[in-house]
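Here the structure is laid out as structure tokens; the discussion comes afterwards.
Since every read-out is calculated from the coordinates, none of them should be taken as a lab result. No experiment lies behind these values; they were computed from the predicted model shown. Here the Cβ positions follow ideal geometry from the backbone for every residue, glycine too, while neighbour counts run over all protein chains shown.
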Amino acid sequence: MKQQQETVVLTYTEIDSPIGPLVLVASPQGLCKVEFGTYEENREQREQWASRWYGAFELNENAKQLASVAEQLTQYFKRERESFEGDLDLQGTEFQKRVWLALQTIPYGETASYKHIAEAIGSPKAVRAVGGANNQNPIPVIIPCHRIIGANGDLVGYGGGLPTKVHLLDLEQRTLLS
């Protein structure tokens, strides 16, 4: 007899920000996803992601549960906060998680290259894989994948679009190399 899988309750809220609407999603273990755009715009992608990582799930709106994260993001966008606090529930491969943890060590207002991150996680030849993991970061802004630039100083792709990346780097008072 097959064992019934327990349904994971994920909570979400949608907030406004200077870079457009953001959807925050949390599992019982912590913040697990930040999405650019509205709840409706991302529905299909979010449901595929949640099904992959959690199996059976339900999504319930709960702004109160995510109020601390929303407030920290508001403070960040007002330049009143340089780092974030709270539990994260990272859903990805072990390699991706190593990359995402390394991204969190890049100081506010600074940048690093894919090569720097590859070396930091002990996989110096995995530069392209680091790029792929960076692209799959489920918690952008809070896990600062926007701080990654090309080895030559060029801006490289960003899930929220290059204008959003420029906005975040400018917000952190980073002088961009041209």
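General observations
- Relative intensity, log₁₀ I(q)/I(0), of segment 123-178 from a Debye sum that treats every alpha carbon as a point, q = 0.27 Å⁻¹: -1.22
- Of the trypsin sites (Lys or Arg not before Pro) found in segment 74-178, the ones in coil according to DSSP and having at most 11 other Cβ atoms within 10 Å of their Cβ are Lys78, Arg79, Lys125.
- Order by protection proxy (mean Cβ within 10 Å, highest first), peptides 6-15, 24-33: 24-33, 6-15
- Here segment 1-118 is treated as a Stokes sphere of Kirkwood radius computed over C-alpha pairs; at 4 °C and 1.567 mPa s its diffusion coefficient rounds to 82 µm²/s.
- Computed magnitude of the charge dipole of segment 50-178 (debye, nearest 20; Cβ of K, R +1, Cβ of D, E -1): 400
- Cα gyration tensor category, rounded, prolate or oblate, for segment 9-56 with a/c compared to 1.5: oblate
- Between the C-alpha center of segment 115-178 and that of segment 13-39 there is a gap of 20 Å.
- For segment 4-153, the share of DSSP beta bridges that are antiparallel, to the nearest 5, is 55%.
- Partner lysines for Lys165 [C-alpha distance under 29 Å; skip if fewer than 8 residues away on the same chain]: Lys33, Lys64, Lys78, Lys97, Lys115, Lys125
- Distance between the 7 Å Cα→Cβ label points at Arg81 and Ala56: 3.5 nm.
- Sites listed here are GluC sites (Glu not before Pro) in segment 93-178 whose DSSP assignment is loop and whose Cβ has at most 16 other Cβ atoms within 10 Å: Glu110.
- Subtracting the Cα-Cα distance of Glu47 and Val156 from their residue separation scaled by 0.36 nm leaves 36.5 nm.
- Residues whose amide H comes within less than 5 Å of that of Lys33, counting only those at least five positions distant or on another chain, are Val25 (H built at 1.01 Å from N in the peptide plane).
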